[in-house]
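All remarks here apply to the structure that follows.
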Amino acid sequence: MSATTRLGRLVVTVLGTVFGVLVGLFLFQVLPDTGFGTVEVLLTLATALAFAVVSGRFARNAFPAYNVAEVAVEGPITRDGGGSLVSSPVGATADEIVEQIDRADDDGAVDALLVKLNTPGGEVVPSDDIRLAAERFEGPTVAYTNDLCASGGYWIASGCDELWARDGTLVGSIGVRMGNLNLKEFGDRVGIDYNELTAGEYKNAGSPFEEFTEDDREYLQDLVDSWYDEFVDVVAEGRGLEDELVRETEARVYLGEEASELGLVDDLGTSDDVEARVETLLGEPVTVEEFRPHRRLRARAMLGATRVAYAAGAGVASVVGGDDGVELRL
């Protein structure tokens, strides 16, 4: 914290406290004109304390001690956070992450942005929304990952000025996947009759209750290929790589050192090394403030309930399935 920041906070807090004392004296001595006994002294001190707390909060907002904002993208990337009894809820939704980045951009104290990426990827458009938010941030934007930056996570990193990783980090998976679960044969076997009315030849393409035809496969593969072409273009332009090199990765993931050699990451290091890099970019010491999503009480309660439900389900599954608690998912 700079000397100017400390002095500014002190002056605002002291002035607020003095004003609180004056208000207390006016309310509990001058106005009632009943003397100044023990009760009046306590009320005046309580008023001064209240003003000191309020002015202290105002001082912290008026003279922030940070100059770098950090926003975390952790877990699967979705629009609404997802999560159920069989899948862990996401900590922050794509819209919340965009809101955090935009809030950091509007904060006059923030000169640079850190984007912490530990994610296997997720939905296409939500990932692109976060990338665009990072791209329009006015100032240096440095992404870093400790564990996993794959697929949609790498899509987001392409909107940042730099990407850092660790030696053991998995980076890459520049590809697109679309799944299809077909239950028609199972439904025929058990006697389930599913009726669906559609308009348009390909409206029910990929439906789990309809036969998956070659025409359906070709139509859906064209969609996947289009998304993949866009992914390659985003990575090539954002990371300054050749299209051919991006395609040659064939959606593989690489450990940090190899990813660095290929140009998929800019450098290797810890979070301390990343902060040192930001200090170099800004030319001054940095203090990082973690920006968190603004949630209403009901939203926080719903997320907490979902997490409890998931934890309970995961606990039962570990007992029934003999889960030893160690797994690697990509």
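Assorted remarks:
- Per residue, the convex hull around the alpha carbon atoms of the range 175-238 comes to 89 Å³.
- Among the trypsin sites (Lys or Arg not before Pro) within the range 226-267, those in coil by DSSP and having at most 16 neighbouring Cβ atoms inside 10 Å are R252.
- Label sites at N182 and S271, each approximated as a point 7 angstrom past Cα along Cα to Cβ, lie 4.7 nm apart.
- A Förster radius of 41 Å, combined with the Cβ-Cβ distance separating A65 from V125, puts the computed FRET efficiency at roughly 0.70.
- Prolate/oblate/rounded call for the range 117-164, Cα gyration tensor, a/c under 1.5 rounded: oblate
- Formal net charge of residues neighbouring T198 (Cβ-Cβ distance under 13 Å; K, R +1; D, E -1): -3
- Computed FRET value (nearest 0.05) for E257 with N195, which takes r as the C-beta separation and R₀ as 41 Å: 0.15
No lab work stands behind these numbers, since they all come straight from the coordinates. Every value quoted in this text rests on a predicted model; they were computed, and no experiment measured them. Glycine gets a Cβ as well: all are built from the backbone with ideal geometry, and neighbour counts include every protein chain shown.
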